[in-house]
Amino acid sequence: MTKWNVVAGLVLAAGLAVLPLVSQEKKPEAPKPAVSPTQAVLDQWNDIGRKLIAMAEDFPEDKYEFKPNPEQRSFREGLLHVADTNYFFTNPVKGEKPPTKEDFSKDTLKTKAAVAAYVKKSFADGAAAIKAKGDAGLNTLVVDPYANQKVRVIDFAYGFIEHSGEHYGQLVVYYRVAGMVPPESRPKK
């Protein structure tokens, strides 16, 4: 019986020794507070912008005129379409007239560097317009030039974020058809 008492004593001692370690485990942290509405919109705007800018800077310049088929825009024209369209958002939000039409700037923006800079600028200008509106300004109304309808800035922004996301997906296909892997799909270093 003394053998069992020794074993029980050792088990009890081991349990008591572990107890302080268990009580020192990290308690789960409280959830972080929600970001402001402006920050939420900016995060989405900047995320899709980051992806498209990465593509603009990554795709080989000698393939910038690549089209999966003749009826589609070239890779370069797809990027310019997104950048041009961003100003249909940015200008009304800033209180300016929207462009009268898209301008692919075929004569002036032919190089990879020029196209990438324009894409980057269009997203930076949109982000600046969103920041300038702030939380209260996200509920102000602007006229959507496509629908000729008043719309809240926040809803307008999310529509353009979606538009950019659709073209991002299209340009992913350009990468794949060209036998390449888009930057976002590559293993992270």
Segment 121-164, residues that are touching a residue at least 12 places away in the same chain (Cβ under 8 Å) and assigned to a loop (DSSP other than H, G, I, E, B): Leu138, Asn139, Thr140, Pro145, Tyr146
Single unsatisfied condition, Val173 versus (1) assigned to a helix (DSSP H, G or I); (2) free of Cβ contacts under 8 Å to residues at least 24 places away in the same chain: (2)
Output for segment 50-81, where each listed residue is among the aromatic types (Phe, Trp, Tyr) and surrounded by fewer than 19 Cβ atoms within 10 Å (Cβ to Cβ): Tyr64, Phe66
In segment 176-189, the residues that are touching a residue at least 12 places away in the same chain (Cβ under 8 Å) and closer than 19 Å to Asp47 by Cα: Pro182, Pro183, Glu184, Ser185
Count of segment 87-109 residues which are at pLDDT 90 or above and either small (Gly, Ala, Ser) or surrounded by fewer than 17 Cβ atoms within 10 Å (Cβ to Cβ) (or both): 4
Which listed residue, of Asp84, Asp47, is surrounded by fewer than 17 Cβ atoms within 10 Å (Cβ to Cβ) and either closer than 15 Å to Phe160 by Cα or at pLDDT 95 or above (or both): Asp47
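The values are calculated or read from the model by the stated rules, or taken from the named source; none is laboratory data. No experiment lies behind these values; they were computed from the predicted model shown. A quick note on method: Cβ atoms are made from the backbone with ideal geometry, for glycine too, and the neighbour counts reach across all protein chains shown.
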